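J.: If you scroll down you'll find the structure; I have some questions about it.
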Amino acid sequence: MHLIDTRIEHEPSGWRIDFIGDDGDAVTVRVAGGADINEAEAVERARAVMVQLTAFGTRGGGRSLNQYDAASNGNFDDEPLLETRH
């Protein structure tokens, strides 16, 4: 999905942000806290939610396409695990 539009709507319970793709698919993120954040902050929080969901969906679900993708979506499967010593 390639993002072509973002629609933002203020609702009584917070913000509704619709990310719309060129293929007609859409993802809606609802951000709580309508009174204490502005529109720009709501969009940033919605984007952060999307990044968290992307990272959740890729861990253990396959390899990232490239190094940038691995770093940007939280898939660090190629990185060695740090050992904890007690």
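J.: Using only protein heavy atoms and a 1.4 Å probe, report how much of residue 6 is accessible, in Å² to the nearest 10.
T.: 40 Å²
J.: Order 47, 16 by their accessible area, 1.4 angstrom probe, all chains in place, largest first. Present the calculation step by step, with values, prior to reporting the outcome.
T.: On the way: 47 110, 16 70 Å².
Ranking 47, 16 by accessible area, largest first, yields 47, 16.
J.: Still on this structure, I have one more. Can you give the net charge of the other residues whose Cβ lies under 10 Å from the Cβ of residue 8, counting K and R as +1 and D and E as -1? Can you show the working numbers first?
T.: On the way: positive: 7, 16; negative: 9, 18, 39.
Overall, the nearby charge balance is -1.
The values are calculated or read from the model by the stated rules, or taken from the named source; none is laboratory data. All values reported here derive from a predicted model rather than from experimental measurement. We place every Cβ from the backbone using ideal geometry, glycine too, and count neighbours over all the protein chains shown. Keep in mind that these areas ignore ligands, DNA and RNA; they rest on the heavy atoms of the full protein, side chains included. Shrake-Rupley method; radii C 1.70, N 1.55, O 1.52, S 1.80 Å.
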